[in-house]
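Handing you this structure, nothing more for now.
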Amino acid sequence: MGYSHSWTVNSTMSDFARNLSFATFTALAERIIIVAEEQGIKIADRSGELLGGWEVSDSEVSLNGFDIESYETFDFHLNNGTPSNYCKTNLRPYDTVVTALLVAVKHSYNEDVVINSDGDVDNWVAGLTLFEDATGFTATVPYNDFVAVAKI
């Protein structure tokens, strides 16, 4: 068990739309991660062992918390064979980055992604703030079934 987030990308997206959405997401993701590190959040590679070893490439975004603050890897792929994914963070400090990244996913994919979370709006405030600080865009809770819009 553990606090988690999940997402499902529309499997019928055209290659053009998928590539454009992913390129938009990776540009936002890199900025979010850099700002998070500047704010003191320790971000590591997928194993949680290499501080600063996160990855943003033309095919994936992956990261974890560092050392004892790691839990499960956040891994978002351009084409991973399965459009449904999840990440358990157990509310560790890198959850702020994961929630900000999921806001960026929703911003980039719009109606072509469904995002769910074990959290409520209070669990997303730090991620919404990070998204806004890093991108300059207004952040909203990206749950498709969440009625409230959080403006910070």
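Computed from the coordinates by the stated procedures, all read-outs in this text should not be read as laboratory data. Please read all numbers here as calculations on a predicted model, not as lab measurements. In this analysis, Cβ positions are derived from the backbone assuming ideal geometry, glycine residues included, and neighbour counts consider all displayed protein chains.
Cα convex hull of region 1-47: mean projected area in nm², to one decimal?
Details: hull surface 20.2 nm².
Projected over every direction and averaged, the Cα hull of region 1-47 covers 5.0 nm².
Give me the distance in nm between label points sitting 7 Å out from Cα along the Cα-to-Cβ direction at Y86 and L20, one decimal.
3.2
Applying 1/(1 + (r/R0)^6) with R0 = 41 Å to the Cβ-Cβ distance of T8 and E132, what FRET efficiency is obtained, to the nearest 0.05? Write out the running numbers ahead of the final one.
Details: r = 25 Å, r/R0 = 0.61.
Step by step, r from the Cβ atoms, then E = 0.95.
Could you give the dipole magnitude of region 4-135 about its Cα centre, charging the beta-carbon of Lys and Arg +1 and that of Asp and Glu -1, in debye to the nearest 20? List each step's numbers first, then the result.
Working: 7 positive and 21 negative charges, 39 e Å.
Using Cβ point charges on Lys, Arg, Asp and Glu, region 4-135 gives about 180 debye.
If you don't mind, there's one more thing I want to ask. For the chain, report the translational diffusion coefficient in µm²/s to the nearest whole number, using Stokes-Einstein at 10 °C, 1.306 mPa s, and a Kirkwood Rh over Cα pairs.
Values: Rh = 15.1 Å.
Roughly 105 µm²/s, to the nearest whole number.
Using 0.36 nm per residue of separation minus the Cα-Cα distance, give me the extension gain between E60 and V125 in nm, one decimal.
Working: separation 65, 0.36 × 65 = 23.40 nm, distance 2.53 nm.
Gain on stretching E60 to V125: 20.9 nm.
Using 7 Å Cα-to-Cβ label points, what is the I68/D118 separation (nm, one decimal)?
Between I68 and D118, the label points sit 2.1 nm apart.
Less than 11 Å Cβ to Cβ from F66, Lys/Arg counted +1 and Asp/Glu -1: what total charge do the surrounding residues give? Write down the numbers at each step before the final one.
Details: positive: K42, R92; negative: E37, D45, E49, D67, E69.
Summing Lys/Arg as +1 and Asp/Glu as -1 gives -3.
Beta carbons within 10 angstrom, averaged per residue: use that to sort the peptides 103-112, 67-76, highest first.
On the way: 103-112: 20.2, 67-76: 18.1.
For the peptides 103-112, 67-76, the packing ranking is 103-112, 67-76.
Also, I was wondering about something else. Using only DSSP helix segments of four residues or longer, with each worth -39500 (n - 2.57), what per-residue ellipticity at 222 nm results for the chain after dividing by its residue count and rounding to 500? It would help to have the intermediate numbers written out before the result.
Details: 3 runs with 54 residues, N = 152.
Taking each H run of at least 4 residues, the total per residue is -12000 deg cm²/dmol.
What does the net charge come to around F22 if you take all other residues with beta carbon closer than 13 Å to its beta carbon, with K and R at +1 and D and E at -1?
On the way: positive: R18; negative: D15, E30, D58, E60, D112.
Residues near F22 contribute -4 overall.
Next up: Quick check: Cα centre of region 7-62 to Cα centre of region 75-130, how many Å?
The two parts, judged by their Cα centres, are 10 Å apart.
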